[in-house]
Structure formats: structure tokens, C-alpha cells
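Beneath this line is the structure, given in C-alpha cells, with notes to follow.
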Amino acid sequence: MITPQNQEHLQIVSTEDGSKTIFNSLVGENYHSRHGAFQESQHVFLRSGLEYFLNKGEKVPAAVSVLEVGFGTGLNFLLSADFCANEAIALSYTGIEAYPLSLEMIADTGYNAYVSTQLWNEFLDKYQQSLVGKTPISDTCNLEVVCTELNAFNSANTYDVIYFDAFAAANQPEMWTDEAITHTLKFLKPGGVFVTYAITGNLKRCIKALGLKVEKAPGAPGKREMLRATYL
């Protein structure tokens, strides 16, 4: 059984849109934008990532796979799973999280306000199981949280969408190196979409050099721009 990280350096705090996030005093950063945890997750990852991928072809796929770097509180998963359930799309979701949160801390986030009661309850019931392997959350949704550092992650699978939601480069620079980004993009399917809340010259150059189409998209509240890349 995976042991969640010590919680002494973690504190639940409110963001400007009323949703909660967690402040990590060791890193010196919140898990989500202080301008709005819910707004950021919805805009950057759900709408600009998952929904963009699902709607870019002639036909909406019946199933989709997502890889998230930095599973954290599970908010991105919850919004994605709720959306897919409402649209009758099967979801296979893998999160990478070196330092998983405790079930108790996740339960205190109040994210039940943004998803169905059934999904919230199933997620809480099966979260700890998902830390050790692929776990069915519903008949059409499964979740696996791989508890490892990014560069140690390996999988035979590739994914339709990658959410890159690591802490900022100022606080966790090792997550934003060319090596880390190149490793992450090995797991993106042709035609797949990579999204992150940040956009820098180095990040754009690295991703373009790997053959992806890079675009600047409007950012979430508090950020002018974000990055989206498509594997052509």
C-alpha cells in the first residue's frame, strides 16, 4: 500500500473564485492558481485540453485516454470524469504523482461542489486503491495514480491528451527541463494534445523541436496565455 506524504507542510486555502486549493510550504506554491482553482482546471485542462481534443475531428471519439503529470488533488480528473460521464465517453485516466495526498485532505477540498455526487463518492471510495493500480471508478471510467517521479514513469500505453500540471518552474525547475518534457511527450499519441498553464520560450522551442505544432491559447484568469501542442 502506498503511504501518502506527511501533511504537516500542507494547508487548505481558498482561491479567488471560492474554490479551495492546497498550499505546500516546502515548495512555496499552491497546487492550483490563487486566482481560482476550479476556473484554472476547467479552462486549461478540461476545455483547452480534453474538450479541444474531442471536438477537433469530424466525429467525437467514444473513448479517450488522459495522462496527467502532477495528479495532486484530483481536481483535473474529477472535472474530466464528470464531463465524460455526461457525454457518454469512456475515460481511461492515468496520473503521475510522486507525493500523493491523503484521502482525508482530498475529501476536505470541497470539490464535490463541481461534480456529481456519485462520482465524488466513488472517487473517495476508490482513491487509495487507484494508488496501487488501474481501478474502475464506474463502468466507463478507470483511474490509476502512479506514485513515482516523472522521469521514472514508464508505460506501454500512449495517450490522447496530456495534462502537464507540475508546480511552476521557479519552484520545481527539474519538471520543466528538456529531458522531462521530452520524456513526457513520448507518451502522446499521434494526433494527441498536450496542454499546460505555462508558456515560455524554452518550453515552446523544446516542444517544436520534437515535431509538435505549438500554439498560444488564452490563459485562465490571472494568466494571459497558456500553451497547447498537437502531435501531428
>> Within the range 199-232, take every residue that is among the basic types (Lys, Arg) and touching a residue at least 40 places away in the same chain (Cβ under 8 Å) and give me the one that is surrounded by the most Cβ atoms within 10 Å (Cβ to Cβ).
In response: Arg228
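Might you check whether a residue that is part of a helix (DSSP H, G or I) and surrounded by fewer than 23 Cβ atoms within 10 Å (Cβ to Cβ) occurs anywhere in the range 87-99?
Filtering the range 87-99 for residues part of a helix (DSSP H, G or I) gives 87.
Still in the list and also surrounded by fewer than 23 Cβ atoms within 10 Å (Cβ to Cβ): 87.
The answer is yes; a qualifying residue exists.
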>> Please count how many residues of the range 155-177 are under 22 Å from Thr73 (Cα atoms) and assigned to a loop (DSSP other than H, G, I, E, B).
In response: 8
>> Taking the conditions exactly as written (among the hydroxyl-bearing types (Ser, Thr, Tyr), surrounded by fewer than 18 Cβ atoms within 10 Å (Cβ to Cβ) and farther than 23 Å from Pro173 by Cβ), does Tyr127 satisfy them or not?
In response: no
> Does Ala81 satisfy the condition of being touching a Cys at 6+ places or on another chain (Cβ under 9 Å), farther than 26 Å from His183 by Cα and either part of a helix (DSSP H, G or I) or in contact (Cβ under 8 Å) with a residue 12 or more places away in the chain (or both)?
Replying inline: no
> So which residues in the range 178-219 are in a loop (DSSP other than H, G, I, E, B) and within 15 Å of the chain's Cα centre (by Cα)?
Replying inline: Phe187, Tyr197, Ala198
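Laboratory data are not the source of any read-out in this text; all were calculated from the coordinates shown. Computed from a prediction, not measured in an experiment: that's the story for all the values here. Methodologically, a virtual Cβ is constructed for each residue, glycine included, from the backbone with ideal geometry; neighbour enumeration extends over all protein chains shown.
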